[in-house]
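A short write-up of the structure that comes next.
The values are calculated or read from the model by the stated rules, or taken from the named source; none is laboratory data. Because the structure is predicted, anything quoted here is derived from the model rather than measured. Don't worry about glycine lacking a Cβ; one is built from the backbone with ideal geometry, like all the others, and counts go over all protein chains shown. In case anyone asks, the SASA skips ligands and DNA or RNA and just uses the protein heavy atoms, side chains included. Shrake-Rupley method; radii C 1.70, N 1.55, O 1.52, S 1.80 Å.
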Amino acid sequence: MHIRKIRKALEGIKEYVPGKNIEEAASRYGIDERDIIKLSSNENPYPPSRRVIEAIKSSAGKINFYPDPNTKKLYEVISGYTGLPEENVFVGAGVDGVLDTLMRVFIEAGEEVIIPIPTFSYYEITSIVHGAIPLFLKMDDNFSIFSDEILKKADREKAKMTIICSPNNPTGNIFPKKELIKILDAFDGIVLLDEAYAEFSNYTYIDLVDQYDNLIVLRTLSKAFGIAGMRVGYALLPEWIKKACLKVATPFSIGYLSIEAAYASLNDLEYLRCVVDKIKKGRRYLEDNIPFKTFPSEANFVLVDVSPLESSFVMEELMKKGLIVRDCSSFRGIGKNFIRISVGREEDNRRVVDALKEIFEELH
Ligand SMILES: *Cc1c(COP(=O)(O)O)cnc(C)c1O
């Protein structure tokens, strides 16, 4: 009977907890779905550009064919956007899909992955699934972490990979470039830098990709480009790693329509600029007007410390008012007093600030 069992390594994994969704909130509190604002998954609050919608419509009749995941035109346009040659680009089914491919490429059972926390929880899940052991390093009270702490862990024989998220989810801060360079210079293993939110930030370190043999930068079209539903992400990486990725990636992992949508959205940078501008203004508004302590963010969300209240309580109170935010207590290492609010449209941001003010005033 022992054969009919899931792998032992999976026993320690907690299911990925996504932000709550609209249906759930509507049925729990009897609110009309149209009155509910979802600010829990760092999605783009604006619909994709018209060019993306047109591209999807006009290619819908061809989905009887398999997609070509290495389609030249997508690699060309990513290369143009990032300034790196196609040999340094690898595309996959979202950052999540690219992460899985990289784990398949690098992890031997029992090797260690260094993960500063709190951070995006899928790093832990995919590491364990691929037989690695996550080594967690807690950030300080300002969510900083320094290269010497990471390098101390990286000195272990089995340390294979370090994952840095910058801007970090759910805290919003960036990892300093100086610190990253110290790690790249001293660490023999692989450094994964997740820049899923780079477009909202004044910082990106993709210029380091062609200087280091062990740096991989992850990017996505799910956040600033606003096509989360299409599942497209990419890595900027040394050519030797790209070659290995092509060997092990799931064939046809990105759908036909996703490829067309990605191509169209990377060709509409004016739309991107316009959306990013509005979101940065909204972020500023949230940071300035939320009555609780907020943390400066370089991403499209703001972390809020709702102490002395608990995050689950505040999330529930907001949900009663039709506002879905992320209770961060499921993030390892952050505790019970933080919520994360994705920046919405102007009217959404106003609603969430007003609601938080009411909760704050009741406290005092
Ligand atoms: C949202 C998010 C992702 C997921 O990106 P996909 O391309 O949609 O898979 C990756 N990393 C971080 C840090 C994120 O917050």
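A few comments on the model shown:
- For the chain, the orientation-averaged shadow of the C-alpha convex hull comes to 19.9 nm² (one quarter of the hull surface).
- Cβ-based charge dipole, the chain, positive-most Cα from ILE174, SER41, ALA198: SER41
- Pairwise centroid distance, computed over Cα atoms, of segment 156-198 with segment 1-80, Å: 25 Å
- Å² per residue, accessible surface of the chain at 1.4 Å: 47 Å²
- Of the solvent-accessible surface of the chain, computed with a 1.4 Å probe over protein heavy atoms with every protein chain present, carbon and sulfur atoms account for 50 percent.
- Divided by 2.2 N^0.38 Å, where N counts the residues, the Cα radius of gyration of segment 51-143 comes to 1.46.
- At q = 0.09, 0.16 Å⁻¹ the log10 of I(q)/I(0) for segment 192-317 amounts to -0.37, -0.96, computed by Debye summation with a single uniform scatterer per C-alpha, solvent ignored.
- Hydrodynamic radius (Kirkwood) for segment 276-364, which is based on Cα pairs only, to one decimal in Å: 12.9 Å
- Mean sequence separation of contacting Cα pairs (under 8 Å, at least six apart), scaled by the length of segment 64-268, corresponds to a relative contact order of 27 percent.
- Rh by Kirkwood over Cα pairs, then Stokes-Einstein D for segment 64-268 at 1.002 mPa s and 20 °C, µm²/s: 125 µm²/s
- Projected label points at LEU246 and ILE181, each 7 Å from Cα along the beta carbon direction, are separated by 3.2 nanometres.
- Nearest-0.05 FRET efficiency for SER27 and GLU108, computed from C-beta distance (R0 45 Å): 0.50
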